[in-house]
Amino acid sequence: MIITVGNTKGGVGKTTLAVQIAIARALAGREVWLIDGDRQGTAAAAIAARAESDRQPGIACAQYADGSLLRSQVQQQRDKWQDIIIDAGGRDSTALRAALILSDVLLVPFAPRSYDVWALDDMAGLVDEARSMRDGLRCYAVLNQADPGEHSTDNSEAAAAVAEVSQFDYLPTPIRRRKAFSNAGGAGLAVGELAPKDHKAIAEIDQLMESLFNIQKIA
């Protein structure tokens, strides 16, 4: 399974989710390869921090910000891995476009801000282009960095707006703004590996993973 976590809009937490998904799959016993397709290299830095602390399981990680290199490496090595997670975006890049052609699933995180929701139109256009060249790309949008309140108007309005973008299926599993996610990401850890544990953060990631892999039956 190849999953891209991407968005042309920066600052929506795509790297945080990509790292969390990759580690969660590795903890579940899967052979996982995380690809950092962003020139900033934040995902690669997180996995380097994990390796330095000798945390197990280790996560294989490579950085390919160039689309042609990303495409060729994935095509050559895809059969070695059960799951490939690609962190791509922050802008319309060759790496993001290559990832969309290669992926089985696209997960687009967005924040409950109007300009983040509007930016999904750009991603919708890229999805249309990718689907014109290949069949079977499944696309999901998830509310990330959501307001902590259970009844946030901003959260509900953003979710309603995204539900109207036909290219995406909206996942009703919001990831809220929690310090645990930034702490875990910086250390290359899953939120469940942090001590003390933030059980709400763990539950949110678990619900997202269930939506991606169990309910949709794409594992």
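Exactly one residue among T16, T8, T4 is surrounded by fewer than 21 Cβ atoms within 10 Å (Cβ to Cβ), within 29 Å of D154 (Cβ to Cβ) and in contact with a helix residue (DSSP H, G or I) (Cβ under 6 Å, 6 or more places away or on another chain), and that residue is T8. Taking the stated definitions as given, is N144 more than 30 Å from A51 (Cα to Cα) and not hydroxyl-bearing (S, T, Y)? Answer is no for this residue.
Residue-wise test of (1) closer than 25 Å to R91 by Cα; (2) in contact with a helix residue (DSSP H, G or I) (Cβ under 8 Å, 6 or more places away or on another chain).
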site: G29; (1), (2): no, no
site: D36; (1), (2): yes, yes
site: R39; (1), (2): yes, no
site: A43; (1), (2): yes, yes
site: I47; (1), (2): yes, yes
site: A51; (1), (2): no, no
site: P57; (1), (2): no, yes
site: C61; (1), (2): yes, yes
site: S68; (1), (2): yes, yes
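In a residue-by-residue description of the range 73-88, the property of being touching an Asp or Glu at 6+ places or on another chain (Cβ under 7 Å), aromatic (F, W, Y) and either closer than 19 Å to G13 by Cα or buried (at least 23 other Cβ atoms within 10 Å of the Cβ) (or both) applies to no position. Look through the range 36-81, keep the residues that are in contact with a Phe, Trp or Tyr (Cβ under 9 Å, 6 or more places away or on another chain) and assigned to a loop (DSSP other than H, G, I, E, B), and return whichever of them is nearest to L189 (Cα to Cα). My answer is I59. Residue count for the range 90-104 under the criterion of being more than 12 Å from R131 (Cα to Cα) and crowded, with 19+ Cβ neighbours inside 10 Å: the result is 6. Here R91 meets each of (1) touching a residue at least 12 places away in the same chain (Cβ under 8 Å); (2) over 20 Å from F168 (Cα atoms); (3) charged (D, E, K, R) with one exception, condition (2).
Is it true that T4 is of a type in the set (S, T, Y) and more than 11 Å from I86 (Cα to Cα)? Break it down stepwise before answering.
Details: of a type in the set (S, T, Y): yes; more than 11 Å from I86 (Cα to Cα): no.
Here the answer is no, as T4 does not meet what is asked.
Using beta carbons and a limit of 6 Å, which pairs, at least six apart or on different chains, have the first residue in the range 173-185 and in contact (Cβ under 8 Å) with a residue 40 or more places away in the chain and the second one in a loop (DSSP other than H, G, I, E, B)? Going by the 6 Å Cβ cut-off, the qualifying pairs are A184/L194.
So that you can scan it fast, the table gives a plain yes or no per residue for (1) aliphatic (A, V, I, L, M); (2) over 12 Å from I35 (Cβ atoms); (3) outside any strand (DSSP E or B); (4) out of contact with any strand residue (DSSP E or B) (no Cβ under 8 Å at 6 or more places or on another chain):
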position	(1), (2), (3), (4)
A88	yes, no, no, no
D92	no, yes, yes, yes
A95	yes, no, yes, no
P109	no, yes, no, no
D122	no, yes, yes, yes
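The single condition among (1) part of a loop (DSSP other than H, G, I, E, B); (2) modelled with pLDDT of 80 or more that Q145 does not satisfy is (1). When I175, I218 are checked against the criterion of being at pLDDT below 95, within 17 Å of the chain's Cα centre (by Cα) and buried (at least 21 other Cβ atoms within 10 Å of the Cβ), I175 stands alone in meeting it. The residue list V142, V32 contains one member that is crowded, with 17+ Cβ neighbours inside 10 Å, of a type outside the set (D, E) and in contact (Cβ under 8 Å) with a residue 60 or more places away in the chain, which is V142. Is it the case that R131 is basic (K, R) and in a helix (DSSP H, G or I)? In short, yes.
The values are calculated or read from the model by the stated rules, or taken from the named source; none is laboratory data. Keep in mind it's a predicted model, so treat the numbers as computed, not measured. Reconstructed Cβ throughout: ideal geometry from the backbone, glycine too, with neighbour counts over all protein chains shown.
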